[in-house]
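Report on one structure; see the data block that follows.
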Amino acid sequence: YSRGQASPLPELELQYADFAAWQRAWLTGERLEAQLAYWREKLQGAPPLLELATDHPRRSALGVTETSRLFELTAQTTRELRALGRRESATLFMALLAGWQALLGRYTGEDDVIVGTPIANRTRAELEGLIGFFVNTLVLRGDLSGEPTFRELLGRVRETTLGAFAHQDLPFERLVEELAPERSLLHNPLFQVMFALQNVEVGELRLGDLEMEPLGGGATGAKFDVGVMLLEDGERIQGRIDYRTDLFEGATIEGMVEHFRLLLEAAVAEPDRRVSELRLVSPAEERRVLAQWNVPRAYAQDRLVPRLVAEQAARTPDAVAVTGAGRTLTYAELDERSSRLAHALRGMGVRGETPVGVYLERGPELLEAVLGIWRAGGAYVPLDPTYPAERLAYMLRDAGAPVLLTQARLCDLLPRHDARVLRLDADAGRIAAESPVAASSELDADALAYVIYTSGSTGRPKGVRVTHRALLHTLLCAQERFGFAPGEEMPSLASFAFDIWLFEALLPLLGGGIVRLVPREEVLEVERLIEGLAGCTSVHAVPALMREIVRVLRTSGRTLPRLRQVFVGGEAVAPELLEEMRGVFPAAGLHVLYGPTEGAVICASHQVGEGEARRQWVGHPLGNAALYVLDRALRPVPVGVPGELCIGGASVARDYLGRVELTAERFVPDPFSAEAGARLYRTGDRVRWSAEGELEFLGRVDAQVKIRGFRIEPGEVEAVLREHAEVREAVVLVREADGGAAGEKRLVGYVVPDAAE
């Protein structure tokens with residue numbers, strides 16, 4: 001036309017409209033039903049969302065900005081992928097897809113991984129030269145169950161891909177309409193990750209004398225969370241990965257590309273190795289991850305917590321040590337009373353590691369009891385009077401405590417037991433007659449300090465046994481990180497049946513500070529509690545209680561100007577709560593604490609900074625703990641990749657009392673320690689490292705939950721519900737509380753009656 005000549009192009013035998021009409025007429029009846037039946041079967045029970053760990057919460061709709069990152073696979077890797085594919089009767093696309101789905105499985109920890117892929121859909125020769133949009137989208141479901149080797153996974157991908165190609169005629173929109181998945185504006189239906197290989201050369205674009213070059217479109221709306229586009233370029237494969245910038249940081253995508261490369265290299269080198277064992281991290285990065293952020297601290301083992309408190313009493317005998325329940329004890333009084341109690345306990349047969357039950361209300365007597373038990377050589381077993389009698393009876397039997405410390409007014413509430421009882425009030429005269437000089441006990445660093453019961457998965461609580469060494473390291477590391485000066489005051493709000501009580505009650509004593517043991521009724525009345533916090537310099541609370549404290553402070557306009565540090569922990573802390581805390585505690589340092597009972601109170605913390613990304617933090621390891629993020633084979637995963645958090649080092653508990661099989665399951669040999677017999681505790685928490693060495697909490701690898709600081713196994717509650725004569729089956733779930741604050745959870749139980757009606 002530019003030269004005034006007639007068009008040399010022949011008239012088309014078909015127009016695009018002809019294809020559209022043919023497709024509409026052909027894809028009906030049995031043909032349509034056969035296509036639908038195939039896809040219904042293939043996608044039955046498919047997960048609605050591929051839970052990739054994002055850097056930012058999924059809050060905005062699709063259409064936000066995306067950007068790209070280019071990469072390349074080497075000629076050697078490309079040749080070896082082609083060769084492996086030929087040996088397994090698979091295409092290069094199938095080999096690459098197997099690698100990508102394997103990587104997604106490692107990132108998500110899931111065996112069911114779904115991606116989408118575009119297909120040309122020109123299945124008839126007469127369509128080859130026709131201009132028009134024929135591309136369809138196929139949903140490819142990857143099956144990584146049963147720990148397959150890469151060769152086995154490639155076989156599964158081959159079968160899935162061939163089946164999808166044979167049923168490619170059903171338009172994706174029609175498939176979505178038929179399956180009717182729950183729709184969300186936050187993500188694409190059926191799949192959120194796209195994968196494509198362009199194995200046909202684009203060729204040179206020429207229109208006579210007109211010169212053309214491709215132009216990038218710049219920032220565009222994102223159609224998927226992540227999209228991988230690969231292009232065969234001679235001996236190499238060129239790649240581009242597109243991603244939503246509101247979900248992922250560039251560094252995370254850089255890491256994903258590198259891990260994809262490493263996994264493919266490992267797969268072609270050892271195709272008969274299990275997919276879960278393929279290396280994602282270079283040896284150099286593995287050494288960095290293991291050593292850079294785990295810096296153990298060495299402390300003298302001959303000065304355990306009871307001695308450190310005694311030394312502080314010698315330095316400041318007249319300083320106030322503990323207040324509560326209308327009483328105040330100086331350091332000298334606390335030291336003397338706990339020493340007399342130790343002698344009384346030894347007279348009752350308490351020796352090295354003798355378990356002693358503590359059934360007391362919150363008050364100075366609690367600290368007397370714990371220090372007295374330790375000085376006698378025993379281990380304390382907390383028995384909270386607010387616990388149900390059945391649970392207390394089980395704990396007493398399971399711990400086998402021959403001695404029980406209590407108060408006269410509580411004796412009638414005790415369940416039946418065989419222990420000898422010492423009442424701190426009614427028997428005060430007898431205790432006062434003992435020597436005030438510290439007893440010579442059998443205490444050493446490896447001796448048992450306490451047994452604290454946590455939830456069990458079968459209705460049976462399990463007793464965690466923790467040594468003095470683990471407790472000592474935790475408190476000294478906490479003192480080093482947070483500091484506690486003479487005269488500073490901290491309230492103890494937690495139940496003494498939780499090990500975080502040791503942080504609240506003992507950390508101030510090691511620094512010469514004051515512990516204020518707050519009665520339970522005052523903790524439950526937040527207005528009254530806040531009045532008592534006016535003189536405190538530090539405070540710790542679980543998120544549910546902290547949320548109430550923040551609410552009352554915000555609505556009343558009151559402040560707590562003396563607060564220097566605010567701690568929150570016991571469960572995952574919602575970012576919204578941290579933001580609210582910044583508003584009401586503007587001058588205080590905000591710290592998120594992390595630590596299971598099996599990790600000796602706390603083993604990591606995170607100081608909340610200004611304008612941080614909205615994440616749930618575990619934090620940076622304390623010097624008492626070595627923290628590892630491991631895959632299913634208990635090998636380190638790279639920075640940014642999710643895995644299970646495992647705890648090593650000095651903070652690891654001894655075991656579960658009387659639960660040999662469970663101990664062997666959760667406390668496993670530590671392959672990273674040179675110490676003989678060292679073990680790792682598998683927390684079940686799913687986390688990942690940030691580039692700065694902070695751990696981010698992503699969820700659980702099992703069903704365990706935490707609500708208001710309580711560790712709960714839904715299976716334990718279900719077991720109790722099923723014991724009812726009229727209940728055949730029960731399920732317990734965690735739901736966000738209706739009308740509550742963001743992140744506030746509650747348990748909801750569902751039962752199936754045994755009777756047919």
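Details
- For the range 270-281, Karplus couplings with θ = phi - 60° (6.51, -1.76, 1.60), whole Hz, Gly/Pro x: 9, x, 8, 7, 4, 4, 5, 9, 5, 5, 10, 10
- The dipole here belongs to the range 8-119: it is taken about the Cα centre, uses +1 on the Cβ of Lys and Arg and -1 on the Cβ of Asp and Glu, and is about 280 debye.
- Other-chain or far-sequence residues with amide H under 5 Å of residue 697's (modelled H): 616, 617, 618
- Only one residue of 224, 150, 193 has its Cα farthest out toward the positive end of the dipole of the range 100-228, where Lys and Arg carry +1 and Asp and Glu -1 on Cβ, and that residue is 150.
- The chain: relative contact order in percent, alpha carbon pairs under 8 Å with at least 6 residues between: 10 percent
- Charge dipole of the range 274-419 (Cα centre as origin; +1 on each Lys and Arg Cβ, -1 on each Asp and Glu Cβ, all else neutral): 340 debye, rounded to the nearest 20.
- Distance from the alpha carbon centroid of the range 711-736 to that of the range 635-706 works out to 27 angstrom.
- Annotation: amide H-H contacts under 5 Å for residue 194 (H modelled 1.01 Å from N, sequence separation of 5 or more, or interchain): 116, 226, 227, 228.
- Across the range 431-546, the relative contact order, built from alpha-carbon pairs under 8 Å that are at least six residues apart, equals 21 percent.
- Mean residue ellipticity, 222 nm, helices only, the chain: the sum of -39500 (n - 2.57) across DSSP H runs of n ≥ 4, divided by residue count and rounded to 500, is -10000 deg cm²/dmol.
- Dipole of the chain, positive direction: furthest Cα of 687, 179, 712, with charges on the beta-carbon: 712
- Cα centroid separation, the range 492-507 to the range 306-335 (Å): 17 Å
- Burial order of peptide ranges 538-544, 412-418 (average beta-carbon count within 10 Å, highest first): 538-544, 412-418
- Peptides 513-526, 661-674 ordered by packing proxy, namely the average of other Cβ atoms within 10 Å per residue, highest first: 513-526, 661-674.
- Only one residue of 101, 70, 43 has its Cα farthest out toward the positive end of the dipole of the range 1-113, where Lys and Arg carry +1 and Asp and Glu -1 on Cβ, and that residue is 70.
- Table column - 3J(HN,Hα) (Hz), the range 191-196, Karplus curve with 6.51, -1.76, 1.60, x for Gly and Pro: 8, 10, 10, 9, 9, 8
- Accessible surface for residue 316 stands near 40 Å², nearest 10, in the context of the full protein assembly shown (1.4 Å probe).
- Gain on full extension, evaluated as 0.36 nm per residue between residue 302 and residue 162 minus their Cα-Cα distance, stands at 43.6 nm.
- Over the chain, accessible surface divided per residue gives 45 Å², non-protein components excluded, 1.4 Å probe.
- Cα-centred dipole magnitude for the chain, charges only on beta-carbon of K, R (+1) and D, E (-1), debye, nearest 20: 1620 debye
- Paramagnetic reach from residue 251 (point 7 Å along Cα→Cβ, amide N under 12 Å) across the range 278-296: none
- C-alpha center-to-center spacing [the range 367-406, the range 90-160] in angstrom: 59 Å
- DSSP beta bridges fully contained in the chain are about 70 percent antiparallel.
- Folded to 0 to 90 degrees: helix 250-269 orientation relative to the chain principal axis, Cα: 70 degrees
- Close amide H contacts of residue 149 (hydrogens built in the peptide plane, cut-off under 5 Å, sequence separation of 5 or more or a different chain): 275.
- Phi to ³J(HN,Hα) by Karplus 6.51 cos²θ - 1.76 cosθ + 1.60 over the range 77-90, Hz, x for Gly, Pro: 4, 5, 4, 5, 5, 4, 5, 4, x, 4, 5, 9, 6, 10
- Sites matching trypsin sites (Lys or Arg not before Pro) across the range 38-107 that sit in DSSP coil, with at most 13 neighbouring C-beta atoms within 10 Å: 59
- Correct choice for Rg/Rh (Cα atoms, Kirkwood Rh) that was computed from the model, options [x] 1.07; [y] 1.00; [z] 1.27: [x]
- Taking the accessible area of the chain, probe 1.4 Å, and keeping the other protein chains in place, the carbon and sulfur fraction comes to 51%.
The values are calculated or read from the model by the stated rules, or taken from the named source; none is laboratory data. In this text, all values refer to a predicted model and were calculated from it rather than measured experimentally. Methodologically, a virtual Cβ is constructed for each residue, glycine included, from the backbone with ideal geometry; neighbour enumeration extends over all protein chains shown. We work out accessible area using only protein heavy atoms, side chains counted, and drop any ligands, DNA or RNA first. Shrake-Rupley method; radii C 1.70, N 1.55, O 1.52, S 1.80 Å.
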